[in-house]
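Asker: Would you mind keeping the following structure in view while I ask a few things?
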Amino acid sequence: MVEKSSPEFSRINIEKLQGVNKSMYIAEQIIKFIKEGKFKVGDKLPSERELARQLGVSRNPVREALSALRMAGIITSRPGDGTFVVSPNVNVEDRVQEILKKSGSPLEAWEARKVLEGKVTELAAVQATDEDVKALETALQQMEKAVKEGDIPGFFEADRDFHTAIAKATKNFFIQKALVPLIERIAHELWWEIKGEGLEDKEAFLMSLGLHRQIFLAIVERNPEEAHKNVCAHFEKLEKFIWREKDGR
């Protein structure tokens, strides 16, 4: 297998793009290189970090592009080994665009949530009613059920419900309008692919479940400082799993 470490990706065009359009451009460039024979079936692609360096972008759009290509069946990732071309069927541009457009840019949504949710959860710990606590508890129970059953989509849907309940518990219309659409991004298949690949084993899901329990308890105990600290720890610890290198580089 030949590793293509220095494809001539264009940095000029991508610098003008925003959000999901960057992911589309990267996916289209990889498809183009497969069509041209620069990447053949069995070839190993450059790492996410190397692709981001070559293109002059963050790793977010690279991860999104590779995940969409994986969902379309063009590439596959082997933990600890890397990402490889597995199909010469590159007439899937429409499918890749559909995946990316439908999902938006979930990693940009994740970054925005990471900035906002500490203070939001702090406010929720002050404002939450018994009804809000019940909604959080129900979502947490659904997460526990999903972990036991190995139901990844179910876990992410319950995760979405949990964080949406926190936003609603603030009793602030503008917070809900700003945050809930960001939270909704985790209900799409692309996010399941991105996050699920990082959280590959049950231990990781149990870790995530434990972090959500800590957030829940801080809200129940009306402890805004602890709630803020716990939600920040939730984002930091999960990122370590999501961004684990798959090829050791």
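Asker: Using θ = phi - 60° and the Karplus relation 6.51 cos²θ - 1.76 cosθ + 1.60, list the HN-Hα couplings for region 29-40 in order, rounded to whole Hz, with x at every Gly or Pro.
Answerer: Ordered by residue, 3J(HN,Hα) equals 5, 5, 4, 4, 5, 5, 4, 7, x, 6, 10, 10 Hz.
Asker: Residues with amide H under 5 Å of LEU45's amide H, sequence separation 5 or more or different chain, H placed in the peptide plane at 1.01 Å from N; which?
Answerer: Counting only residues 5 or more places away or on other chains, the set is THR83, PHE84, VAL85.
Asker: Answer rounded, prolate or oblate for region 92-203, using the Cα gyration tensor with square roots of eigenvalues a ≥ b ≥ c: rounded when a/c is under 1.5, else prolate when a/b is larger than b/c, else oblate. Mind showing how you got there, number by number?
Answerer: Working: a/c = 2.39, a/b = 1.36, b/c = 1.75.
Judged from the Cα gyration tensor, region 92-203 comes out oblate (a/c at least 1.5, b/c at or above a/b).
Asker: In sequence order, what are the phi-derived ³J(HN,Hα) couplings for region 52-66 according to the Karplus relation 6.51 cos²θ - 1.76 cosθ + 1.60 with θ = phi - 60°, rounded to whole Hz, with x for glycine and proline?
Answerer: 5, 5, 4, 7, x, 10, 6, 6, 4, x, 5, 4, 5, 4, 5
Asker: With only alpha-carbon atoms in the gyration tensor, what are the semi-axes of the equivalent ellipsoid for region 11-101, in Å, largest first?
Answerer: Each semi-axis is √(5λ); the values are 19, 15, 12 Å.
Asker: How high is the relative contact order of region 106-242, given as a whole-number percent (alpha carbon pairs under 8 Å, six or more residues apart)? Write out the running numbers ahead of the final one.
Answerer: Working: 167 pairs, mean separation 51.8, N = 137.
Dividing the mean separation by the residue count of region 106-242 yields 38 percent.
Values quoted throughout were computed directly from the atomic coordinates according to the rules given, and no laboratory measurement underlies them. This is a predicted model, so every value here is computed, not measured.
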